[in-house]
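Asker: Before anything else, here's the structure in question.
The values are calculated or read from the model by the stated rules, or taken from the named source; none is laboratory data. Computed from a predicted structure; not experimentally measured. Methodologically, a virtual Cβ is constructed for each residue, glycine included, from the backbone with ideal geometry; neighbour enumeration extends over all protein chains shown. SASA here: full protein model, heavy atoms, side chains in, ligands and nucleic acids out. Shrake-Rupley method; radii C 1.70, N 1.55, O 1.52, S 1.80 Å.
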Amino acid sequence: MSDDTLWTGAPGNYTDPEAPAALAVVRELVNQGRFADATEAARRLFGGQSEVYQPLGDINLEFGATHQAYDSYKRELDLHTATVLVTYNIGEVRYMREHFCSNPHQVIVTMISANIPGQVSCTMSLSSRLKNNVTVTNANELVMEGICPSQRPSLRKGNSNDVTGIKFAAVVGLQIGGNTGKATVVNDQQLRLDNADWVVLVVAASSSFNGPFVNPADSKLDPTSIALNTLNLTRNLTYDQLKAAHLDDYQHLFYRLTIQLSRGLKDTHSLSTEKDRLNEEVGGEIRTSADRVKSFSIDEDPSLVELLFQYGRYLLISCSRPGTQVSNLQGIWNQEVAPAWDAAPHLNINLQMNYWPALPCNLSECQEPLFDFLASLAVNGSKTAKVNYQSSGWVTHHVTDIWAKSSAFLKNPKHAVWPMGGAWLCIHLWEHYQFSLDKDFLENKAYPLLEGCATFLVDWLIDGHGGYLETNPSTSPEHAFLTPDGQPASVSYSTTMDIMIIREVFSAVLLSAEVLGKSDTDLVKNIKKALPRLPPIQIARDRTIMEH
């Protein structure tokens, strides 16, 4: 189980009054051509580590020993229904488990059934790698309550009790089918189900996270009450009703691209025909996805390419909807308490990559969490810009978290010293307007963010080499180079990455201002003065674009 609001930590201070002095030192070393020394000095611009996305827990199902002797096991994900199906045989009994996550009802639903009555028996429990407590409220309900650590894993000391982390809760309700089915409580922490025809597990979860600017210790949200209320709203709904609502919600998004864009179909009557066509294509494939990937190099399979494309759309639909958190690095499916790269949003390409397909794939509403997140970054980023860089506007760097961390990261200047993360994300705002022509969105959400970002960029540019405006310090994300004397370095000035992003943001502001009738502002005038002074793109001998 995952909940996208489950993170370590609390809101932080993303400013450093000593940063301006450190910045002056780095800039002077760059001007002297001492790039290795500048790279080392840039470590003084670090702003601390981000917090870490956490897994909520597991639903454990323990079956009898007879289930060890199974055959005909099959597990599949149906992209057309966003359901997972597991089937296997034990003797003459055919078992089936079907899972889906319902956005309309905010629950995870599982049905376990058998083709022979009275054959479904198992013991159910909840567990988490986070501090938690599990209780059974009645023979049909499990409740787990817990708390996230108040610090990221690398900073924790022993097994100290955290009292300021985000609280969470998960509840599981059972619907039992069959005349002989019975549920009993075991050890006050487990439920034992015996001799049912089928069982439906409905799971709801919540946390006390109340936005990036509210300390968990101050949150008034009760995750247990919220989760129980969510579960209660499904109590009078059958499995078929829950699934129907899920399908209606998911397929509205999933089929929209194929119908409206690829086929150019306009009427809803074409939907069933298109579904049948897609199902025939997938249904006719008997090889596993793993087999198809392995054989692709010698047996190109165009339908596998389409399947991978549709899988990407499914992932975005599954993890980024209006009201959710932004899609993080590994998405909502992380299962580690210390995941790689903290499972955090990385702004030096990863977060952008998550959302590049949204508009071409006709999933524009899936971008809403990104724009909400940008608004939070701008709040913290304005403080970072003012204190760290003595600049107007707002800025953020290459790693952030649910608390909208805006300062630079730790570890290595080649990725940390990069105040272009927010600027690159802002390009999504203008692209959203280009696709939608939603002037209200442009005026009330996009332009204020673009305006603040561009204001910082105008301040960030300084007089530099050859009469051009330059960015200093500057890095090409996660890249290093050798100085003339053979030393490794990553910090210099005016990398192509910086200048191209600045051009894009400036262009978006100018075009937006023209649409909105704001072309006479000081910012627009300053951008028009700055654009001709930006360094031109450098072309290498092999006719490739140089990074600097």
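Asker: Sort Tyr14, Tyr250 from largest to smallest accessible area, using a 1.4 Å probe on the heavy atoms of the protein chains.
Answerer: The most accessible residue leads, giving Tyr14, Tyr250.
Asker: Hey, another quick one. What does the charge add up to near Leu437, with Lys and Arg as +1, Asp and Glu as -1, over the other residues with Cβ less than 13 Å from its Cβ?
Answerer: Every neighbour counted, the sum reads -3.
Asker: Compute the Kirkwood hydrodynamic radius of the range 128-246, taking the inverse of the mean of 1/r over all pairs of distinct Cα atoms, and give it in Å to one decimal.
Answerer: 16.2
Asker: Relative to the first principal axis of the alpha-carbon coordinates of the chain, what is the inclination of helix 270-283, with its axis defined by its Cα atoms, in degrees from 0 to 90 and to the nearest 10?
Answerer: Orientation of helix 270-283: about 80 degrees from the principal axis.
Asker: Taking only Cα atoms of the range 330-369, what ratio of Rg to Rh do you get with Rh as the Kirkwood inverse-distance radius?
Answerer: 1.04
Asker: Give Lys439/Lys518; Lys383/Lys414; Lys405/Lys445; Lys74/Lys131; Lys220/Lys405 a once-over and call out the pairs whose C-alpha atoms are over 25 Å from each other.
Answerer: In this structure, Lys74/Lys131 exceed 25 Å between Cα atoms.
Asker: Ordering Arg34, Arg503, Arg313 from largest to smallest accessible area (1.4 angstrom probe), what's the sequence?
Answerer: Output order, biggest surface exposure first: Arg34, Arg503, Arg313.
Asker: Same structure again: To test your reading of the geometry: what angle, between 0 and 90 degrees and rounded to tens, separates the Cα axis of helix 19-31 from the longest principal axis of the chain?
Answerer: 60
Asker: Alpha carbon centre of the range 526-541 versus the range 366-422: separation in Å?
Answerer: 24
Asker: So what's the range 1-131 giving for Rg/Rh, alpha carbon basis, Kirkwood Rh from the mean inverse pair distance?
Answerer: Rounded to two decimals, Rg over Rh is 1.32.
Asker: Shifting gears a bit: Enter the accessible area per residue of the chain (Å², integer; probe 1.4 Å; all protein chains in place).
Answerer: Value for the chain: 47 Å² per residue.
Asker: In Å, what Rg and Dmax follow from the Cα atoms of the chain?
Answerer: My reading of the Cα-based Rg and Dmax gives 26.8, 86 Å.
Asker: Turning to a different aspect of this structure: Suppose only helical runs count, i.e. DSSP H with n ≥ 4. What mean residue ellipticity at 222 nm does that imply for the chain under -39500 (n - 2.57) per run, divided by all residues and rounded to the nearest 500 deg cm²/dmol?
Answerer: When only DSSP H runs of four or more count, the value is -10500 deg cm²/dmol.
Asker: A further question on this structure: If you take every residue apart from Ala204 with its C-beta less than 14 Å away from the C-beta of Ala204, what net charge results, scoring Lys and Arg +1 and Asp and Glu -1?
Answerer: Around Ala204, the surrounding residues sum to -3.
Asker: Using every alpha carbon pair in the range 342-477, what percent of pairs falls into each 10 Å bin from 0 up to the bin containing the largest distance?
Answerer: Here the calculated profile for the range 342-477 is 12, 42, 34, 11, 1.
Asker: Using 0.36 nm per residue, how much length does the chain from Asn138 to Asp459 gain when fully extended, once their Cα-Cα distance is taken away?
Answerer: Using 0.36 nm per residue and subtracting the Cα-Cα distance, I get 109.3 nm.
Asker: Still on this structure: Simple spin-label model, 7 Å along Cα-to-Cβ: Leu77 to Ala21 in nm?
Answerer: 5.2
Asker: Using 0.36 nm times the number of residues separating Gln434 and Asn115, minus their current alpha carbon distance, what extension gain do you get?
Answerer: That pair, Gln434 and Asn115, stretches by 109.5 nm at full extension.
Asker: Estimate the FRET efficiency between Arg287 and Tyr88 by the formula 1/(1 + (r/R0)^6), using the beta-carbon distance for r and 22 Å for R0, to the nearest 0.05.
Answerer: It comes to 0.70.
Asker: Could you compute how fast the range 403-492 diffuses translationally, taking Rh as the Kirkwood radius over C-alpha pairs and applying Stokes-Einstein at 4 °C with viscosity 1.567 mPa s? Give it in µm² per second.
Answerer: Rounded, D is 84 µm²/s.
Asker: Hey, what angle do you get for helix 223-232 against the long axis of the chain, alpha-carbon based, 0 to 90 degrees rounded to 10?
Answerer: Between helix and principal axis, roughly 50 degrees.
Asker: Another question, then. Between Thr123 and Asn412, what is 0.36 nm times their sequence separation minus the Cα-Cα distance? Round to one decimal in nm.
Answerer: 99.2 nm
Asker: If you roll a 1.4 angstrom probe over the protein chains with everything in place, what fraction of the accessible area of the chain belongs to carbon and sulfur, to the nearest %?
Answerer: After summing per-atom areas, the C and S share lands at 51 percent.
Asker: Further question: Could you tally the net charge around Lys294, taking each other residue with its Cβ under 12 Å from the Cβ of Lys294, Lys/Arg +1 and Asp/Glu -1?
Answerer: Taking every other residue near Lys294 into account, the sum is -1.
Asker: Let me ask something else. At a Cα cut-off below 13 Å, give the aspartates and glutamates reachable from Lys243, other chains included and same-chain residues fewer than 8 away excluded.
Answerer: Candidates past the 8-residue exclusion: Glu98.
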